[in-house]
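The values are calculated or read from the model by the stated rules, or taken from the named source; none is laboratory data. If you're wondering where the values come from, they're calculated on a predicted model, not measured in any experiment. Note: ideal-geometry Cβ built from the backbone for every residue, glycine included; neighbour counts use all protein chains shown. The area values use the complete protein model at the heavy-atom level, side chains included, leaving out ligands, DNA and RNA. Shrake-Rupley method; radii C 1.70, N 1.55, O 1.52, S 1.80 Å.
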Amino acid sequence: MAISSFLKRASSYLHGHPACFKALVLVTLSSGSLVAYSDSQSETDKVSLDLNQKEQKKKKVVVLGTGWAGTSFLKDIHVSSYDVQVISPRNYFAFTPLLPSVTCGTVEARSIVEPVRNIIKKRNGEIQFFEAECVKIDAANNKVLCRSNLDQNLGGNGEFSLEYDYLVIAVGAQVNTFDTPGVRENCHFLKEVEDAQKLRDSVIDSFEKAVLPGLSEEERKASLHFVIVGGGPTGVEFAAELHDFIQEDLVAIYPMVKDLVRITLIQSGDHILNTFDDRISSFAEQKFQRDGIEVCTGCRVLGVSEKSLSVKVKSQGEIYSIPHGLVVWSTGVGTRPLVRDFMEQVGQGDRRILATNEWLRVKGSENVYALGDCATIDQRKIMEDILSIFKAADTDNSGTLTVSEFEDVVDDILIRYPQVELYLKSKHLMDVTDLLRDPEGNERESVDIEEFKSVLCLVDSKTKSLPATAQVAAQQGTYLSKCFNRRQQCQEHPEGPRRFSGSGQHHFRPFRYFTFSLCLSYFIMGIIDELARSIQICICICYLSSPINWFHLMWPKRYKHFGKFAPLGGEQAAAELPGDWVSMGHSTQWLWYSVYASKQVSWRTRVLVVSDWARRFVFGRDSSRI
């Protein structure tokens, strides 16, 4: 018993002192003892068991979609910590902002797509990709049901299911027709690469049909009347691209019908590009008027048939019919059936779009996240937590809140409720503590709960939703991958704001809109960084000297707004830049070229896009229908 007890204590000691253990192994082996060998075997078995357990502990992450959000998530996720599987009906990523250019041959379709497997192969095959469509999310059992879009003659029914520990929904959105009769049957859309290719063929077909013999002039005019419904960025850019295509290329090829071509842009609002600055809207409308593009604002499309569409003028109530040869529908996005069904499962059936919290986790689900156009962040209202905030700040339980007590929780409030910062800027207040001043602007030593409510009651009016754009989706994907990569670390050492409704801190800082005061600096430094990367400056120098990397360290969890572009044709563009800067004209078009080239997903697509632009300048656009 004494020997057994000694061996147990010795074994325990040696496990904690590997250097001593190795020395003893050498001694005992040289003396022919089997005790150290047996202990060495147990140590080897333990290491092997630990490795197996570590491998088994890898959580399964299923990603739905390979758009901007899904691809950004996949590029940055640490696959050493997760078993990642991707489901998408298309095996490529498409640079969707250039789809209008594809419709007219300015850029080829293959130039803006990158195979998904080229993106994930950098992970040494550790990310699995399945070309299929997710048809149902089984939230109760943590499964997704999928169906392959490939030829069913290959064997089997093409259906399968995948289990997940975490699900990332990044399926995007579908075209919103607003249930307008005839839209799906008679209109073109511009959401996918296939839509752009089909639209390009239809434009050429309209011209080929118009030059056929035996047609009346009215029939030729109808065939060459191109109607765009929707005055947003996509509709405006397509109208501009189409105008350039016709004037610079097709007029010379089809001179007999050049005077019969019409382009009409129909917008239900009072102005086109109504999400942009008013100066840009006015500039775009004036340019289109000079170019001969007819802009019909304040009009609503009631129905679309094969040869005409019915339009109602809101101001007059008059309804009239417009003959057309081609209609492009670009009026916004709607929720996909897959997401709609999932919303019913998690108790969001009464909403129009899937809601997430500030950490991109779907409300009503603990292990499902949603990114991009398929979801929206439901920002928490500060008035919902006003009592908890007051109680947390009132450390002496006096029933009143002093300025110093308020300052102790200010940083957490600004992080948790970004609308506070927006409210301060709208009121031109220099400091958050200025909110505690009385109505005359005088400082107060303290405020009670009712006074505290009164000074914050208007803050939630500044709550804003992020736009459904590519840059938002991409940054959400990058943010979520960083959260996944640092999950274990942040569980032990939380970095988020204080939990006012509970104890402790949130594990992560929330995804939030970038502070407006820093937007301009960030944009300028971002352009500098992109130019530096484009000319291949040494990676080490770029990282150490690039201001944008410093900003990533300071604000890694915020949405950074780089501005919005609107190409208007004729080598002119308009841009709304951070800091209330507006730029219009030819120089802005060249800025658009540089930004869009630098934002390509790979050097292959970057070279192809730039070469397509150069080819168009030299040889013009290709008018063949293939």
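A few points about this structure:
- As a summary of the residue check, T180 satisfies the conditions (1) open to solvent by 50 Å² or more (accessible area, probe 1.4 Å); (2) over 19 Å from L568 (Cβ atoms); (3) not in a helix (DSSP H, G or I) except for the one numbered (1).
- Residue among D408, D412 that alone is open to solvent by 50 Å² or more (accessible area, probe 1.4 Å) and over 25 Å from W68 (Cβ atoms): D408
- Within segment 305-327, being within 21 Å of A222 (Cα to Cα) and not in a strand (DSSP E or B) holds for S305, E306, K307, H324, G325.
- Segment 415-472, residues that are in contact with a strand residue (DSSP E or B) (Cβ under 9 Å, 6 or more places away or on another chain), among the aliphatic types (A, V, I, L, M), farther than 28 Å from C374 by Cα and modelled with pLDDT of 90 or more: V447, I449
- Of the listed requirements (1) of a type outside the set (D, E, K, R); (2) touching a residue at least 60 places away in the same chain (Cβ under 8 Å); (3) touching a Phe, Trp or Tyr at 6+ places or on another chain (Cβ under 7 Å); (4) surrounded by 19 or more Cβ atoms within 10 Å (Cβ to Cβ), V311 misses just one: (2).
- Single residue of segment 261-277 satisfying the filter (assigned to a loop (DSSP other than H, G, I, E, B) and hydrophobic (A, V, I, L, M, F, W, C)) that is most open to solvent (accessible area, probe 1.4 Å): V261
- Selection within segment 283-304 - surrounded by 15 or more Cβ atoms within 10 Å (Cβ to Cβ), touching a His at 6+ places or on another chain (Cβ under 9 Å) and either small (G, A, S) or over 26 Å from R220 (Cβ atoms) (or both): A284, E285, T297
- Verdict on A355 being modelled with pLDDT of 95 or more, outside any loop (DSSP other than H, G, I, E, B), open to solvent by less than 40 Å² (accessible area, probe 1.4 Å) and in contact with a Lys or Arg (Cβ under 8 Å, 6 or more places away or on another chain): yes
- The criterion of at least 2 residues that are in contact (Cβ under 8 Å) with a residue 40 or more places away in the chain, touching a strand residue (DSSP E or B) at 6+ places or on another chain (Cβ under 7 Å) and open to solvent by 40 Å² or more (accessible area, probe 1.4 Å) is met, among strands (runs of 3 or more DSSP E) falling completely within segment 76-148, by 127-138.
- Residue in segment 211-222 that is under 26 Å from H586 (Cα atoms) and not aromatic (F, W, Y) present: no
- Matching residues in segment 438-465 - criterion: being among the charged types (D, E, K, R) and open to solvent by 90 Å² or more (accessible area, probe 1.4 Å): E440, E443, E445, E450, K464
- Residue in segment 208-223 that is within 35 Å of the chain's Cα centre (by Cα) and of a type in the set (A, V, I, L, M) present: no
- Checking each residue in segment 481-505 for being more than 22 Å from D83 (Cα to Cα), part of a loop (DSSP other than H, G, I, E, B) and open to solvent by 30 Å² or more (accessible area, probe 1.4 Å) picks out H493, P494, E495, R499, S501, G502, S503, G504.
- Flag for K258 being in contact (Cβ under 8 Å) with a residue 24 or more places away in the chain, part of a helix (DSSP H, G or I) and surrounded by fewer than 21 Cβ atoms within 10 Å (Cβ to Cβ): no
- Of the residues V601, V607, V595, the single one that is surrounded by fewer than 17 Cβ atoms within 10 Å (Cβ to Cβ) and among the aliphatic types (A, V, I, L, M) is V607.
- Of the residues making up segment 193-207, those that are among the charged types (D, E, K, R) and buried (at least 16 other Cβ atoms within 10 Å of the Cβ) number 2.
- Residue under evaluation D373, criteria (1) more than 30 Å from R340 (Cβ to Cβ); (2) touching a residue at least 60 places away in the same chain (Cβ under 8 Å), criterion not met: (1)
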